[in-house]
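Student: To start, I am sharing the structure in question, which I have written as structure tokens.
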């Protein structure tokens, strides 16, 4: 979302004095009433930016992120290879998406993310490369991470290194790392690691205890930093073999 600041901005209220501010000519600054500040604050969205998921370019089409009813919603689409995507922000913790060919990531969650028991339900149907996962970022170090519950074809654009596996009451997961070099991130173009937990038996719906994954990663020397956003995401992308993704997803978090 972008904002255009006019050279002259005039706002009046019946119950308060007229405030006029000419940005190009005014030599005096007049204190704005609390009511004016509140109105201006309401016009500013809760969140201003979004990283691209793997294999997407931040120079592509516009991104959309917003907070609604206590959840953080993120939708990013790359039409550079053609295709269509329709991601809908539903009420509460729900969202739905249909796609064919285009790369995208969308979902709902929290900002900041972190140690949380994530419960979700819904449907997920896909062909080609893609994931249904808890997806998030940390800084210091800069890490992009996935806890994958279901997926289409696994066709990552960077080589994965298997680090081990672990089993607990929520299932058995295999852990991988990968490195992205000079790629888009929440800190601009950067080189950073990706952490992956991939469930051995795919499922759609259940509980994901993120803290348990973080602890298992730490045992393998996979350190996280300060948490940025974290969502229950649906993602489709073009794989290294140029295979494209299509499908539909309808998910409710919480």
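Student: Out of all the residues in the stretch 72-80, is one or more free of Cβ contacts under 8 Å to residues at least 40 places away in the same chain, under 25 Å from residue 246 (Cβ atoms) and surrounded by fewer than 17 Cβ atoms within 10 Å (Cβ to Cβ)?
Tutor: Yes, the stretch 72-80 contains a residue that is free of Cβ contacts under 8 Å to residues at least 40 places away in the same chain, under 25 Å from residue 246 (Cβ atoms) and surrounded by fewer than 17 Cβ atoms within 10 Å (Cβ to Cβ).
Student: For residues that are over 19 Å from the mean Cα position of the chain (by Cα) and under 24 Å from residue 251 (Cβ atoms), scanning just the stretch 178-203, find the one that is surrounded by the fewest Cβ atoms within 10 Å (Cβ to Cβ).
Tutor: 201
Student: Would you mind telling me which numbered condition in (1) under 25 Å from residue 123 (Cα atoms); (2) part of a strand (DSSP E or B) residue 228 fails?
Tutor: Here residue 228 clears every test but (1).
Student: Just to be sure before I move on: is residue 232 in the same structural domain as residue 138 (by TED's automatic domain parsing) and either modelled with pLDDT under 95 or under 30 Å from residue 80 (Cβ atoms) (or both) in the structure I sent?
Tutor: Criteria met by residue 232.
Student: Inspect all residues belonging to the stretch 122-140 and state whether any of them is farther than 22 Å from residue 226 by Cα and not in a strand (DSSP E or B).
Tutor: yes
Student: Ok, one more. Please count how many residues of the stretch 111-136 are within 15 Å of the chain's Cα centre (by Cα) and crowded, with 23+ Cβ neighbours inside 10 Å.
Tutor: Of the residues in the stretch 111-136, 7 are within 15 Å of the chain's Cα centre (by Cα) and crowded, with 23+ Cβ neighbours inside 10 Å.
Student: Additional query: Can you tell me how many residues in the stretch 207-233 are more than 24 Å from residue 179 (Cβ to Cβ) and either touching a residue at least 60 places away in the same chain (Cβ under 8 Å) or surrounded by fewer than 18 Cβ atoms within 10 Å (Cβ to Cβ) (or both)? Can you show your working first?
Tutor: Taking the stretch 207-233 first, the residues more than 24 Å from residue 179 (Cβ to Cβ) are 207-209, 211-212, 232.
Next, only the ones that are either touching a residue at least 60 places away in the same chain (Cβ under 8 Å) or surrounded by fewer than 18 Cβ atoms within 10 Å (Cβ to Cβ) (or both) stay: 207-209, 211, 232.
Matching residues across the stretch 207-233 total 5.
The values are calculated or read from the model by the stated rules, or taken from the named source; none is laboratory data. Note that the coordinates shown come from a computational prediction; the quantities given were computed from them, not determined experimentally. No Cβ is skipped: glycine too gets one built from the backbone with ideal geometry, and neighbour counts run over all protein chains shown.
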